[in-house]
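Asks: Here you go, one structure.
The values are calculated or read from the model by the stated rules, or taken from the named source; none is laboratory data. Keep in mind that what you see is a predicted model, and the values were worked out from it rather than measured. Counting neighbours? That spans all protein chains shown, and the Cβs are built from the backbone with ideal geometry, glycine included.
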Amino acid sequence: METRIELKQGWKILQDVHDTGEKIGLYAAREADTSVGSQVSEWEELEELKHLQLIYARQPYFGRELRYFNQAPWWYKTEFEVPDQKVTDAVLKFTNVDYYGKVWLNGEFLGEHEGYSAPFSFNVKDKLVFGKKNYLIVKVSSPWDDEVELDAQDSRTTLVKRNMVKGTYEHSDTFIQRDVNPVGIYGKVELILTEEGVLEDQTDLKYELDPDGKKADVYVETEARGLKSGETYDFNVKIREKESGLIKAEKTVQIMAEKAETGFKCELKVEDVRLWSTWDHGYPWMYQAELTLSRGKDILSSRTTNFAFRDIQIERNEKITRFWLNNRKLYIRGTSYFPDCYISAMTRERYLRDLLNVKAAGFNLVRVHVHTEQEVFYDLCDELGIAVLQDSEYNWTHPSTDEWAQRFADVYRENVKLLKHHPSLICWIIMNEPGCVDPDGNVRRRFMEENPGPALYREVQKMDPGRPIIKGSFCEDDPLSGDSHNYLGSLSGGEYADIYEQTEKLNTEYGFDAPGSSENLKTVPAVYHRLEKLVDDIPKIQEYQYKLLKYYTEHYRIQKYEPCSGYVQFMFIDLCPQSFYGLYDWWGIPKKGLQAILESNAPVGVFAKHKDYLDSLYIVNDTDGALGECELTWIITETLNGELVEKGSVKAEVPADSRVMVKTFEKEYGKGKKWNLTLILSDNSGKCMAKNTYQDICTLLSRVDGHPDRMSHEFGMRLYWA
C-alpha cells in the first residue's frame, strides 16, 4: 500500500551568480527576492528535468559561453500537495542529480549527495505537511577544477586534477570539449508514501551455481520500512523465467517486526537452470525475482528484479588475460561506448538503435568508457546478450589524498550497488589509464599502489565477490589488471603496421578518429566552416580509419589465444557532433570504418597476415561448434586491371573456438605489387561461410597529416591539416 507521486511539473530555477543563496536563506523563501541589495536572480519556469545545457544553450556541445553553467550553483524549487492521510513512511527519492546536490523541504535541510548516476533518498515523514502545500528546494552545482599536477599547464588536458568523480567532463583531448561540464537534475524526483510496509527499491540478490551449472542456491535480501512493531509479515519470493513466466522456485518467510525498519532474507533452490550467455555463444536467458510483502490477506508492497544465472571468471598471469564465461573461454570482440556527454539526452530508443547495430557489427561486448549510462541501457544489454566492461568515473589524473579516495569509494559503491544484478556486466574497471601522463615518474605508482587503487579494489571485491575486476586499465603488467591500449598509427604516432610483430594479452582500446558525413556536419555551421579546407578529403580520412581498424582487428584475431584474448575498438559512435572516434557519426550515419568491422569482426572469419607483403592466411572460429573440414580459396588480382595473379585453395579442419593457419607465402611475397586479395571460406557442401577482401593489400597508408597533434580547443575537435 504505497503511493508514488512524481514531481515532474511546476519546477522553477535560478542561477545563484554570487553563491549567496544559503547565507540569505533562499531555501526558506516562498516568494522571489526582488530586494535591491541581494542581487539574487528571479525564479524562471523550467520546462523539464534535464541537463541545463540541453535546455538553455544554443549549442550545448562546444563554446566558451557554456562555462557560465558551472561558474555558480543553480537552485531548483517546486511546490506540491500531499493528501491528508496517515502514513507510516514517506521517502523523497532522486534518481539523478549532476553533480553536488543539497536538499531542503519546507525550509528544513534534508542532506546532500555527490555523484550523478546513482539514486539517493531522504525520509521525510516528519517534515511533510499533509493536506497543504510543501516546498522543495534543491541546490545543484558541478564546478570547474583549477589545480594541475605539478602545475604542468602545458599538459593541462591530461593533468588537471579532476576533483569530481565524474567522467563526463575534463576529457578534452578531442573527446568532450573543454567547456562542457553537464549540470542539473534529470530522471525522476518521486515522493513515496506508505500507509504500512514498503520494500526498498533495490534488492540484494546473490546465487551459487553447482559445478555443472544446472542448479543454483539463490539468496535474496532486502529491507522494508514503515512496518508496525509487533505485527507479523509475510515475505514471499518467486523466481520466474522471464520469457515464459514459469515459476522455478517460491518461498515465504514470516517475520514479526520489532521496529519500523526490518531486514528480510530468503534462500531458494532453483533446478534446471538456463545460463545467460552472450548472443554468439548461446542465449541470454533471463529470470525475475518477484518480492511481495503482505500482512494477512493484504499485499502491502511488491518489487521485481531482473537477473540471470551465469559464471564469469578472469584468468591472469604474465602471459594471459582471459575471460571465461560458463566454463568456456570468451574471446572478446568489443567496442567502447559513450554515445553522448549528456546522459540525460539518451533515450531507450537511442540505446536500442545503437545496441542492435553493435550486435549486427559482430561485437559481443561494449566497454562503457569512464561514465555510467542510464539503467535501461544495462537492461537492454542483458536482454540482447551483449557483455559489458564497466568503467568507473576515474580517468587520468585525480587528487591522491585519503579524503578524495574516500569520496571516490562512496560514489563508486553506489554504482556497484545499482548495477551489480545485471548479468551482462562481466567486469568492473576501477581506474582508466592512471598516470597516463606521469610528469614526475611517480603518479601511476601512487594511484595504483597507494591511493585510491588498493582500497577501492578491496571495496569492490567485498561488495561483488563473484565478478572480475581490472584495477587499472592500460596497466598490462599489473597482476590485478592485465589489459593494454594501443594507438600506434593514431594517438601514439608511428604507423599502424608497426604493430605487426607486437603481442598483447587483452587489448581494451585501439582506434582512429575520422570526421563523419559532411552533410551532417553542415547542420553545425561553425564546425563545418572550421573544417571546410578538408571537407572534400573526408573520404580519404575515413579510408585511413578503415585501413587502421581492419589491420588492428585482424591482427588480434590472428593472435587468438596466442596470446590475445580479445580487443575493444574505440569507439562505437561519436558522442557529439565534433568528436570523431566512432564507427558512426553522432547522428547515427556510418563511416567507412564500419566496413572494416563488418569485414573483420564476425564470429567466423578469414584473414591475411600482411605488412607491405603477404605473409600467411588464417581461419578463425569464435563459435562453440567445430566447423569440420572447410576449404579456403584465395584469389589475387592486379589492382589496376583485375588480371588474375594467383588462385588457390586449401582444406583444413577447423575446431571449435580456434584459429588455424592454413597457408604461408614465400618471403616478402608481393612486396612492391599492387594486388587485391579475396578470401572465401566454404563448408564441404560449397556453401560460403565467410568472406574477406583487401584492396591494394601491399600498400600501407601513411598517417593522416596533422594527426594527432593539431586540434581546436574552441571546438574540442581534431583539425588534421585544416
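Asks: So which residues in region 416-442 are part of a loop (DSSP other than H, G, I, E, B) and farther than 30 Å from Asp154 by Cα, if there are any at all? Reasoning before the result, please.
Replies: Applying the first criterion (part of a loop (DSSP other than H, G, I, E, B)) to region 416-442 yields 420-424, 433-442.
Correct list: Lys420, His421, His422, Pro423, Ser424.
Asks: Give just the number: which of (1) of a type in the set (Val, Ile, Thr); (2) part of a strand (DSSP E or B); (3) within 30 Å of Thr508 (Cα to Cα) does Ile299 not satisfy?
Replies: Of the numbered conditions (1) of a type in the set (Val, Ile, Thr); (2) part of a strand (DSSP E or B); (3) within 30 Å of Thr508 (Cα to Cα), the odd one out for Ile299 is (3).
Asks: Which of the residues belonging to region 2-47 are among the acidic types (Asp, Glu) and either outside any loop (DSSP other than H, G, I, E, B) or without any contact (Cβ under 8 Å) to a residue 24 or more places away in the chain (or both)?
Replies: Step one: list which residues in region 2-47 are among the acidic types (Asp, Glu), which gives 2, 6, 16, 19, 22, 31, 33, 42, 44-45, 47.
Answer for region 2-47, where residues must be among the acidic types (Asp, Glu) and either outside any loop (DSSP other than H, G, I, E, B) or without any contact (Cβ under 8 Å) to a residue 24 or more places away in the chain (or both): Glu2, Glu6, Glu31, Asp33, Glu44, Glu45, Glu47.
Asks: Checking the conditions here, which among Lys206, Lys228, Lys188 is at pLDDT below 95 and not aromatic (Phe, Trp, Tyr)? Write out each step before concluding.
Replies: Working: Lys206 fails: at pLDDT below 95; Lys188 fails: at pLDDT below 95.
Answer to the check: Lys228.
Asks: Could I ask something else about it? Anything in region 636-679 that is touching an Asp or Glu at 6+ places or on another chain (Cβ under 9 Å), hydroxyl-bearing (Ser, Thr, Tyr), assigned to a strand (DSSP E or B) and under 22 Å from Gln695 (Cβ atoms)? List them, or say none.
Replies: Thr637, Ser649, Tyr669
Asks: Kindly check whether there is at least one residue in region 452-469 that is aromatic (Phe, Trp, Tyr), in the same structural domain as Phe323 (by TED's automatic domain parsing) and part of a helix (DSSP H, G or I).
Replies: Start the filter on region 452-469 by keeping residues that are aromatic (Phe, Trp, Tyr), which leaves 457.
After this cut, where a residue has to be in the same structural domain as Phe323 (by TED's automatic domain parsing) as well, the list is 457.
Keeping just the survivors that are part of a helix (DSSP H, G or I) gives 457.
Yes; the residues of region 452-469 include at least one that is aromatic (Phe, Trp, Tyr), in the same structural domain as Phe323 (by TED's automatic domain parsing) and part of a helix (DSSP H, G or I).
Asks: Another question, then. Considering only region 577-597, I want to know if a residue exists there that is part of a helix (DSSP H, G or I), within 17 Å of Thr693 (Cα to Cα) and charged (D, E, K, R). Steps first, please.
Replies: Looking only at region 577-597, we keep the residues that are part of a helix (DSSP H, G or I), and these are 593-597.
Imposing the further condition that a residue be within 17 Å of Thr693 (Cα to Cα) reduces the set to 593-597.
When the remaining residues are screened for being charged (D, E, K, R), the result is none.
No, because not a single residue in region 577-597 is part of a helix (DSSP H, G or I), within 17 Å of Thr693 (Cα to Cα) and charged (D, E, K, R).
Asks: Consider region 348-396. How many of its residues are of a type in the set (Lys, Arg) and part of a strand (DSSP E or B)? Don't jump to the end; show me each part of the working.
Replies: Narrowing region 348-396 to residues of a type in the set (Lys, Arg): 348, 350, 353, 359, 367.
Subset that is part of a strand (DSSP E or B): 367.
The total comes to 1.
Asks: What single numbered condition from (1) buried (at least 18 other Cβ atoms within 10 Å of the Cβ); (2) in a loop (DSSP other than H, G, I, E, B); (3) of a type in the set (S, T, N, Q) fails to hold for Gln53?
Replies: Going through the list (1) buried (at least 18 other Cβ atoms within 10 Å of the Cβ); (2) in a loop (DSSP other than H, G, I, E, B); (3) of a type in the set (S, T, N, Q), Gln53 breaks only (2).
Asks: Somewhere in region 416-433, is a residue of a type outside the set (A, V, I, L, M, F, W, C), assigned by TED's automatic domain parsing to the domain that holds Tyr331, surrounded by fewer than 19 Cβ atoms within 10 Å (Cβ to Cβ) and out of contact with any strand residue (DSSP E or B) (no Cβ under 7 Å at 6 or more places or on another chain)? It would help to see each step written out before you state the result.
Replies: Pass one, region 416-433, residues of a type outside the set (A, V, I, L, M, F, W, C): 417, 420-424, 432-433.
Retained after the next criterion (residues that are assigned by TED's automatic domain parsing to the domain that holds Tyr331): 417, 420-424, 432-433.
Then drop every residue that is not surrounded by fewer than 19 Cβ atoms within 10 Å (Cβ to Cβ), which leaves 417.
Adding the requirement that they be out of contact with any strand residue (DSSP E or B) (no Cβ under 7 Å at 6 or more places or on another chain) leaves 417.
Yes, region 416-433 contains a residue that is of a type outside the set (A, V, I, L, M, F, W, C), assigned by TED's automatic domain parsing to the domain that holds Tyr331, surrounded by fewer than 19 Cβ atoms within 10 Å (Cβ to Cβ) and out of contact with any strand residue (DSSP E or B) (no Cβ under 7 Å at 6 or more places or on another chain).
Asks: When the residues of region 189-244 are narrowed to those that are in contact with an Asp or Glu (Cβ under 6 Å, 6 or more places away or on another chain), of a type in the set (Lys, Arg) and outside any loop (DSSP other than H, G, I, E, B), which ends up surrounded by the fewest Cβ atoms within 10 Å (Cβ to Cβ)?
Replies: Per the stated criteria, the residue is Lys238.
Residues are listed down the side, and each one gets a yes or a no for (1) farther than 30 Å from Asp280 by Cα; (2) buried (at least 17 other Cβ atoms within 10 Å of the Cβ):
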position	(1), (2)
Val654	no, yes
Glu666	yes, no
Gly672	yes, no
Arg703	yes, yes
Asp709	yes, no
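Asks: Residues that are among the β-branched types (Val, Ile, Thr): list the strands (runs of 3 or more DSSP E) wholly contained in region 101-186 that include at least 2 such residues.
Replies: Numbers: elements: 108-114, 120-123, 133-141.
Passing ranges, in order: 133-141.
Asks: Ser142: assigned by TED's automatic domain parsing to the domain that holds Glu31, farther than 20 Å from Pro452 by Cα and buried (at least 22 other Cβ atoms within 10 Å of the Cβ), yes or no? Break it down into steps so the answer makes sense when it comes.
Replies: Numbers: assigned by TED's automatic domain parsing to the domain that holds Glu31: yes; farther than 20 Å from Pro452 by Cα: yes; buried (at least 22 other Cβ atoms within 10 Å of the Cβ): yes.
Considered against the rule, which asks whether it is assigned by TED's automatic domain parsing to the domain that holds Glu31, farther than 20 Å from Pro452 by Cα and buried (at least 22 other Cβ atoms within 10 Å of the Cβ), Ser142 comes out as yes.
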